[in-house]
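Comments concern the structure below.
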Amino acid sequence: QVQLVESGGGLVQAGGSLRLPCAASGRTFSVNVRGWFRQAPGKERKFVAGIDWSTGTTYYADSVKGRFTISRDNAKNTVYLQMNSLKPEDTAVYYCAARRSYTGSLFLAEYDYWGQGTQVTVSS
């Protein structure tokens, strides 16, 4: 099993920035892809960003390209989501996820482990 713990959420004004860390513990050697998803009130959980743990290859949803950056710290088993130029529509619960497969995925059903989520609220 792998445990994921997110932090760093909060309230920020539009145009501001936040960084969300997600620390992994347990059988982390079994995980090859890490990702971030978000779920706004009344909406489905959607892909935000992903990173291949060994190569560092990253990919993003169109809605966050150029504003959000996913990165990793292998020594700390931690993935980060740097969010800049935040908009009110970025308001959501942000979830960290991990996948055993070596291939990246945008689909939440293909991720094996999930964190508990952290709330991000962007005020206008």
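Restricting region 10-37 to residues that are touching a helix residue (DSSP H, G or I) at 6+ places or on another chain (Cβ under 8 Å) and assigned to a strand (DSSP E or B), which is surrounded by the most Cβ atoms within 10 Å (Cβ to Cβ)? Step by step, filter region 10-37, then rank; the result is PHE37. Cβ-Cβ contacts under 6 Å between residues 6 or more apart (or on different chains), taken from a first residue in region 19-44 that is more than 16 Å from ALA98 (Cβ to Cβ) and of a type outside the set (A, V, I, L, M, F, W, C) to a second residue that is assigned to a strand (DSSP E or B) and open to solvent by 40 Å² or more (accessible area, probe 1.4 Å), are listed as ARG19/GLN82.
Table: residues versus (1) under 25 Å from GLN1 (Cβ atoms); (2) within 15 Å of the chain's Cα centre (by Cα).
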site: PHE47; (1), (2): yes, yes
site: TYR59; (1), (2): no, yes
site: ALA97; (1), (2): yes, yes
site: GLY115; (1), (2): yes, yes
site: SER124; (1), (2): no, no
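Going through (1) free of Cβ contacts under 8 Å to residues at least 12 places away in the same chain; (2) in contact with a strand residue (DSSP E or B) (Cβ under 7 Å, 6 or more places away or on another chain); (3) among the charged types (D, E, K, R) one by one, ASP62 falls short only on (2). The number of residues in region 77-124 that are closer than 24 Å to TRP53 by Cβ and not hydrophobic (A, V, I, L, M, F, W, C) comes to 22. Please verify whether GLY56 is closer than 21 Å to ALA14 by Cα and part of a loop (DSSP other than H, G, I, E, B), treating the condition exactly as stated. The answer is no for GLY56.
The rows are residues; the columns are (1) of a type in the set (S, T, N, Q); (2) under 23 Å from GLN13 (Cα atoms); (3) open to solvent by less than 50 Å² (accessible area, probe 1.4 Å); (4) free of Cβ contacts under 8 Å to residues at least 24 places away in the same chain.
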position	(1), (2), (3), (4)
PRO88	no, yes, no, no
THR91	yes, yes, yes, no
TYR94	no, yes, yes, no
SER101	yes, no, yes, no
GLU110	no, no, no, yes
GLY117	no, yes, yes, no
VAL122	no, yes, yes, no
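Candidates are the residues of region 61-78 that are under 12 Å from the mean Cα position of the chain (by Cα) and within 23 Å of GLN3 (Cα to Cα); the one that is surrounded by the fewest Cβ atoms within 10 Å (Cβ to Cβ) is SER71.
Scanning region 38-53 for residues that are surrounded by 19 or more Cβ atoms within 10 Å (Cβ to Cβ) and assigned to a loop (DSSP other than H, G, I, E, B) yields one hit, TRP53. Look at LEU81 and say whether it is outside any helix (DSSP H, G or I), over 12 Å from the mean Cα position of the chain (by Cα) and touching a residue at least 24 places away in the same chain (Cβ under 8 Å). Judged against the criteria, LEU81 is not a match.
The values are calculated or read from the model by the stated rules, or taken from the named source; none is laboratory data. The structure presented is a predicted model; accordingly, all values stated were derived computationally and were not measured. Glycine gets a Cβ as well: all are built from the backbone with ideal geometry, and neighbour counts include every protein chain shown. Ligands, DNA and RNA are excluded from the accessible area calculation, which covers all protein heavy atoms including side chains. Shrake-Rupley method; radii C 1.70, N 1.55, O 1.52, S 1.80 Å.
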